[in-house]
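Asks: Would you mind keeping the following structure in view while I ask a few things?
The values are calculated or read from the model by the stated rules, or taken from the named source; none is laboratory data. No experiment lies behind these values; they were computed from the predicted model shown. FYI the Cβ positions are ideal-geometry reconstructions off the backbone, even for glycines, and counts take in every protein chain you see. Surface accessibility is based on the protein's heavy atoms, side chains included, excluding ligands, DNA and RNA. Shrake-Rupley method; radii C 1.70, N 1.55, O 1.52, S 1.80 Å.
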Amino acid sequence: MSGSSASLQPPADAVKPVRHPDAPAPGELLGAHYEHCFGCGPGQPHGLHLEARAGEGVSLTAEFTVQPAHQGAPGLAHGGVLATALDETLGSLNWLLRTIAVTGRLETDYIRPVSVGTTLHLEAEITAVAGRKIYSTAVGRLDGPEGPVAVRADALFVEVKVDHFVDHGRPEEIRAAMSDPDQVRRARAFEVNP
């Protein structure tokens, strides 16, 4: 991405990211990290219902179809919704590291309008890790994985402990997530965004 701010450039001592041995296999659907997440949750009626699949290494693909509830200008996706799709996609990458992380910075470029009814195809990868900082990039294309670029983003995620969510989230939601007997779903509930 051209024009990224200095805070999105990995430092000289950054290392190449390493996929966690327990990460989902390439091609595996990651599923929602939380039932009520606006980005990926099936329990969110006007959400994006974004679906992500693990790729090779520390990459993934995702897609979502722009619905009428997602429009800004008549017939076009709202820019904030497109930024949300990129943020959700980039945040999902952290599951490949099996790391709980939140968005520290997200820079988005809007290249082409995205019409209601369009399926946006997203590709993302982690480019570097420096301590608690995770650097990643994504691109969204129209009309298929080889289509024209509509949006792209660079992001910085910061690794946090689960206490971040416990201290700042609504207590009833935190209790519900923490009491989920499925340990994978419980861990993934605290995966993306502050």
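Asks: Accessible surface of residue 129 in the full protein assembly, 1.4 angstrom probe, to the nearest 10 Å²?
Replies: For residue 129, solvent-accessible area is about 30 Å².
Asks: Mind listing which chymotrypsin sites (Phe, Trp or Tyr not before Pro) in the stretch 92-142 are in a DSSP loop and have 11 or fewer other Cβ atoms within 10 Å?
Replies: On the way: sites: 95, 110, 135; in loops: none.
In loop regions of the stretch 92-142 (DSSP not H, G, I, E or B), there are no sparsely surrounded chymotrypsin sites (Phe, Trp or Tyr not before Pro).
Asks: Still on this structure, please answer the following. Could you compute how much accessible surface residue 121 exposes when probed at 1.4 Å, giving the result in Å² to the nearest 10?
Replies: 40 Å²
Asks: How large is ³J(HN,Hα), in whole Hz, for each residue of the stretch 21-35 in order, when computed from phi with the Karplus curve 6.51 cos²θ - 1.76 cosθ + 1.60 and θ = phi - 60°, using x for Gly and Pro?
Replies: x, 9, 5, x, 5, x, x, 6, 5, 6, x, 5, 7, 7, 3
Asks: What accessible area per residue comes out for the stretch 1-112, rounded to a whole number of Å², with a 1.4 Å probe?
Replies: 49 Å²
Asks: Take 89, 137 and sort them by solvent-accessible surface of the protein heavy atoms, 1.4 Å probe, largest at the top. Mind showing how you got there, number by number?
Replies: On the way: 89 0, 137 40 Å².
Reading off the accessible areas and sorting them downward yields 137, 89.
Asks: Just want the answer: with Cβ charges of +1 for Lys and Arg and -1 for Asp and Glu, which residue in 140, 119, 108 is farthest toward the dipole's positive end in the stretch 80-143?
Replies: 108
Asks: Take 20, 46, 78 and sort them by solvent-accessible surface of the protein heavy atoms, 1.4 Å probe, largest at the top.
Replies: Numbers: 20 60, 46 115, 78 95 Å².
Greatest to least solvent exposure: 46, 78, 20.
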